[in-house]
Amino acid sequence: MKIRKAVIPVAGKGTRFLPATKQVPKEMLPIVNKPMIHYAVEEAVNSGIEELIFVTSSGKEAIENYFDRNQELEAFLKKNNKIEMMEDIQRIGKMVEVVSVRQKEQLGLGHAINCARGLVGNETFAVILGDDLVLSDTPVTRQLIDVSERNEAKSVIGVMEVPRETTNKYGIVDGDFLKEDAKTLLMKQMVEKPSPEDAPTNLATPGRYILNKEIFDCLDEIPKGVGGEYQLTDAINLLCSKDKVFAHIFTGDRFDTGSIAGYLNATVEFALRDKKTRKIMEEIIKEKMKSYNLG
Ligand code: G1P
């Protein structure tokens, strides 16, 4: 069965970016000239996803509007002969089918995913956390879909190696590497934000998952976990005891745009990687190195 749907939770309050996020959803903050959420949606579309399910909360309407057509803006750009710009804007509105569901209480990532149950139905689906951007030739979600398709359409968690001392920021997986695939593990367990001493490995997920429908029964069964929230990690851990679950070390560079430091880093890096902005950013860096005596 083709994986057609992706769930992107966007209900969070974005408190780390206040006051900017008082009125503007965190997901709409730009990295260079595109809102953060654009990159996550682009990853989904380039992975073959046809329908996006946003799990939203009040005040997040700008996200849905962004992926809708804006006829008035299109007409304005056309009238002013800005055809290329108009086509770019049009393309965003036609990128993908978007539906949304409200998460009425902030009870954790597990709860957010469970809110999408009715819209996902019985299909295997992807989950993409927009706070983490991953740049790679083959989009990371596509890499995970490929592993799922090679392994009886089972669930697959995207993981990367992180420094030991940072395991308490992530969901950490444990398992045995497959003989035939040195980057894929059959999972034994998954733990949410363990301390470095308790972490079974240093393989962490930056929020990329392929999940089959069995996850929903697990989400119904788990108690509240770390931080008093329903954790997706706990449901995946339960799923490991009922079904085969894989973890895959993906290829790509990951940026944590959920923190101010990560956001600044991504802004500089994305500007350097885009040929339209590379020269400008290089000049800025050189000038700042000189004027602040950094070098
Ligand atoms: C969430 C997940 C965690 C995952 C992380 C990736 O945590 O619960 O397992 O590793 O996203 O960013 P959060 O960062 O929302 O606390």
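Quick notes
- Legend: calculated FRET efficiency, N80 to L135, from the Cβ-Cβ distance at R0 = 25 Å, rounded to 0.05, equals 0.15.
- To the nearest ten degrees, helix 36-46 and the longest principal axis of the Cα atoms of the chain are 70 degrees apart.
- Here the label points at E61 and M1, each 7 Å from Cα along the C-beta direction, are separated by 3.5 nm in the simple model.
- Counting DSSP beta bridges with both ends in the chain, the antiparallel % (nearest 5): 60 percent
- The local environment of F246, defined by Cβ-Cβ distances under 13 Å, has a net charge of -2 under the rule Lys, Arg +1 and Asp, Glu -1.
- In degrees, nearest ten, helix 83-94 long axis to first principal axis of the chain (Cα): 20 degrees
- Overall, the anisotropy analysis places the range 1-159 in the oblate class: the square-rooted eigenvalues a ≥ b ≥ c of its C-alpha gyration tensor yield a/c not less than 1.5, with a/b not exceeding b/c.
- Local net charge near C115, Cβ-Cβ under 9 Å (Lys/Arg +1, Asp/Glu -1): +3
- Heavy-atom accessible surface of the range 179-295: percent carbon and sulfur, 1.4 Å: 54 percent
- Note on E149/K169: beta-carbon distance plugged into 1/(1 + (r/R0)^6) with R0 of 41 Å gives a FRET efficiency of 0.85.
- GNM flexibility winner over the chain from R142, R150, R254 (Cα, springs under 10 Å): R150
- In plain terms, the chain from D198 to V268 could stretch by 21.7 nm, reckoned as 0.36 nm per residue minus the Cα-Cα distance.
- 20 °C / 1.002 mPa s Stokes-Einstein diffusion coefficient of the chain, Kirkwood radius on C-alpha pairs, µm²/s: 106 µm²/s
- Dividing the summed helix terms, -39500 (n - 2.57) for each DSSP H run of n ≥ 4, by the number of residues in the chain produces a 222 nm estimate of -10500 deg cm²/dmol to the nearest 500.
- Using the Cβ-Cβ distance between R117 and E42 with R0 set to 30 Å, the FRET efficiency from 1/(1 + (r/R0)^6) comes to roughly 0.70.
- Principal axis dimensions, largest first and in whole angstrom, of the range 1-50 by Cα: 44, 23, 14
- For peptides 128-136, 229-237, 15-23, sequence by mean Cβ density within 10 Å, most packed first: 229-237, 128-136, 15-23
- GluC sites (Glu not before Pro) restricted to DSSP loop in the range 96-142 with at most 16 other C-beta within 10 Å: E105, E123
- Spacing of the two label points (7 Å from each Cα toward its C-beta) at K94 and R278, in nm: 3.0 nm
- Tensor-based shape of the range 1-93 (alpha-carbon gyration tensor, a/c under 1.5 rounded, otherwise prolate or oblate): oblate
- Under a Gaussian network description of the chain, with springs only between Cα atoms under 10 Å, the residue in K94, K154, K193 that fluctuates furthest is K94.
- A straight line joining the Cα centroids of the range 229-295 and the range 25-54 runs 14 Å.
- Across all directions, the average flat footprint of the convex hull enclosing the Cα atoms of the range 251-295 is 4.1 nm².
- Computed over protein heavy atoms with a 1.4 Å probe, the accessible surface of the chain works out to 51 Å² per residue.
The values are calculated or read from the model by the stated rules, or taken from the named source; none is laboratory data. Please read these numbers as outputs of a predicted model, since none were measured by experiment. So basically every Cβ, Gly included, is an ideal-geometry build from the backbone, and we count neighbours across all protein chains shown. Side chains are part of the model used for accessible areas, which takes the heavy atoms of the whole protein and leaves out ligands, DNA and RNA. Shrake-Rupley method; radii C 1.70, N 1.55, O 1.52, S 1.80 Å.
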